[in-house]
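We did not get these values from a lab; they are worked out from the coordinates using the rules stated. These numbers come from a predicted model, not from an experiment. Reconstructed Cβ throughout: ideal geometry from the backbone, glycine too, with neighbour counts over all protein chains shown.
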């Protein structure tokens, strides 16, 4: 036990010399995570400009212009009045989503129920906003048609009244219009159709996508650091210290225990730092930090031991490093470090959860999104502990079977 | 203190070490001499527990290295041919670490580490990293790590390879200091002058076999007072052999052929310098042409030449 602690301290002292590797293990996942979170967590809505050439400048043309900037539509579309020449140039230059031309005589044509043509030119480089503008224009035209059908007589009468109608006539007209509105109101407000709204059973709110990314990002840091720490077996072999260890009486077990302990601390620190940053950003309850940290540290030792066992199977350091790195990135991809498992199709997610890091990330997701801490099953803890023990046993076998002696 | 009996190590059909036996006593340096690939390192690896011998036995301070390996290793210190250091751990921490690996703790450890630092001359660089050291300093620290637990038996596997003359002299001093302190030292080398300076007794090994063993004086006496004369050039094999045989038959010279090839002839004889004109005349008469002549007085190197017919290969 004493020598295990000595070996543990020795590895921590040596690790302090290699600050650059640690920075890389932390900074790459944080950089990727930061970019993804920025993309997923941004609240920017699309916004377009509708250029309007009002050649009529009547009450009705103003109504049309106002319709585009009313209510929630106004958050999507800004209406700017312009000239025909400038409007065409700006749409052609892609500076606006559309150009609506209201011709002279539009108001009169509406009142007299005569045909009139509105010209709408949309920006072909855009899809969503020009589509919205086209749909709104069609709805406005339909609304104008139905208003004319409903109040056609009243509109004709108003036209014939001249500029100074008598108050009594205006009042009578208002009453007539009010009566018509009241007669259609039961059909319109609310609609005569009865709609039964069937609400789906209540479900727990889905966590934000950026939060679902967090375990994958943390596992990326854990994978980088466990693979990096695992390569220390080869470094020790190249330095000849493993060979010298074999000369010493019966210290191999303690040496391996010390190395595993150092790996747990190093991986725990690297993973823990990304964990703390994630907890701060997403406002996750701090009560879940100890369980999450312990989970990634123990899982990190298991991953470290398997990376080490794999690297120790090869005959030279270069091959071991290349094969280990080649395995690392597909595992990161499968295990949800680039796409959260929760948003992948079911069968792909199932494969991802079966990968070692996917297994760990999936349980970590459960832990940080659960109502309380320590939600990971005991069986899962036992699986990672068994994984670590088996991996370290393979390392011990390789050390005894010639790896240390070369 | 160190006993090796009928030790063999095979790799398939290849016999790296073939039934070698020797004993080394406390407070002495036993040299194992031989060219590269002779089997010296394999012998050391079998004694140190790095390899299992195919047959035979080795014991350290009375403990068999196979059946009682843990106890044997406790009394054994190994200074390997290649450096075995943590380059990213300060020199003093290297010594402490390997001291603890052998069970040293507390004040005893600290006292021994200080003592070793002084012995290896790195007291003022104790807190520096070995990666900042010169090759000679690393060699000294490598030596220190092997002796920090005060072993009864020390295996030194070609410790002077790649060491500058100054560090080599320091290394010899360190070896002599450990010997004087009572350690039994097995020293392998292919430099005969090192063996002559350091070793109380030695064994010569070639192609895995021990070909001679004894004290330096005993081995020298095997050679007698005969010089070794080596002629290089071009020599018709049969004609040259006949010419030298004629000289031998005349009986006026104590002459013997050690080896003969088309490009070289190696002879041994007493007071060779007096007989050079006659030998040159015989060789020239046989159609040979001498381009280089080497005359060596008797030493371990010439003994190796006598025993094996070949030079020590580097």
Ranked list, fewest to most other Cβ atoms within 10 Å of each Cβ, for B:293, B:189: B:293, B:189
Structure-based [θ]222 nm, the protein assembly as shown - -39500 (n - 2.57) summed over DSSP H runs of at least 4, per residue, nearest 500: -18000 deg cm²/dmol
Alpha carbon convex hull of region B:161-253, volume per residue in cubic angstrom: 181
Potential lengthening between residue A:95 and residue A:370 on full extension [0.36 nm per residue; Cα-Cα distance subtracted]: 94.3 nm
Along each principal axis, Cα extent of region A:311-359, largest first, Å: 40, 16, 12
Diffusion coefficient, µm² s⁻¹, Stokes-Einstein with Kirkwood Rh over alpha-carbon pairs of the protein assembly as shown at 25 °C and 0.890 mPa s: 71
Counting all C-alpha pairs of chain B, share separated by more than 32 Å (%): 39
Kirkwood hydrodynamic radius over Cα pairs of region B:168-314, then Stokes diffusion coefficient at 10 °C and 1.306 mPa s, in µm²/s: 93
Ratio of the Cα radius of gyration of region A:122-167 to 2.2 N^0.38 Å, where N counts its residues: 1.87
Ranking of A:220, B:137 by count of other Cβ atoms within 10 Å, fewest first: B:137, A:220
Ranked B:147, A:77, A:385, criterion: other C-beta atoms within 10 Å, fewest first: A:385, A:77, B:147
Cα Rg, Dmax (largest Cα-Cα span) when computed across region B:1-106, Å: 15.4, 49
Angstrom value of the Kirkwood radius, inverse mean 1/r, which spans all Cα pairs in region A:48-188: 16.8
Extension gain, residue A:146 back to residue A:65 (0.36 nm per residue minus Cα-Cα distance, nm): 27.3 nm
log₁₀ of I(q)/I(0) at q = 0.11, 0.19, 0.23 Å⁻¹ - region B:112-195, Debye sum with one point per alpha carbon: -0.27, -0.84, -1.22
Cubic angstrom per residue, convex hull over Cα atoms of region A:8-106: 124
Distance between modelled label sites at residue B:180 and residue B:297, nm, 7 Å Cα→Cβ extension: 2.7
Zone of residue B:234's modelled label, taken as backbone nitrogen in region B:255-295 under 14 Å from a point 7 Å along Cα→Cβ: B:262-264, B:287-292
Computed P(r) (all Cα pairs; chain A; 20 Å bins; percent): 20, 31, 20, 18, 8, 1
Calculated FRET efficiency for the pair residue A:209/residue A:174, C-beta based, R₀ 56 Å, to 0.05: 0.55
Zone residues, region B:215-250, relative to residue B:289, backbone N less than 15 Å from point 7 Å out along Cα-to-Cβ: B:232-237
Against the rule of thumb 2.2 N^0.38 Å, how large the Cα Rg of region A:249-288 comes out: 1.76
When region A:297-393 is reduced to its Cα atoms, the Kirkwood hydrodynamic radius in Å: 14.4
Rg/Rh for region B:225-297, where both radii come from Cα atoms and Rh is the Kirkwood radius: 0.91
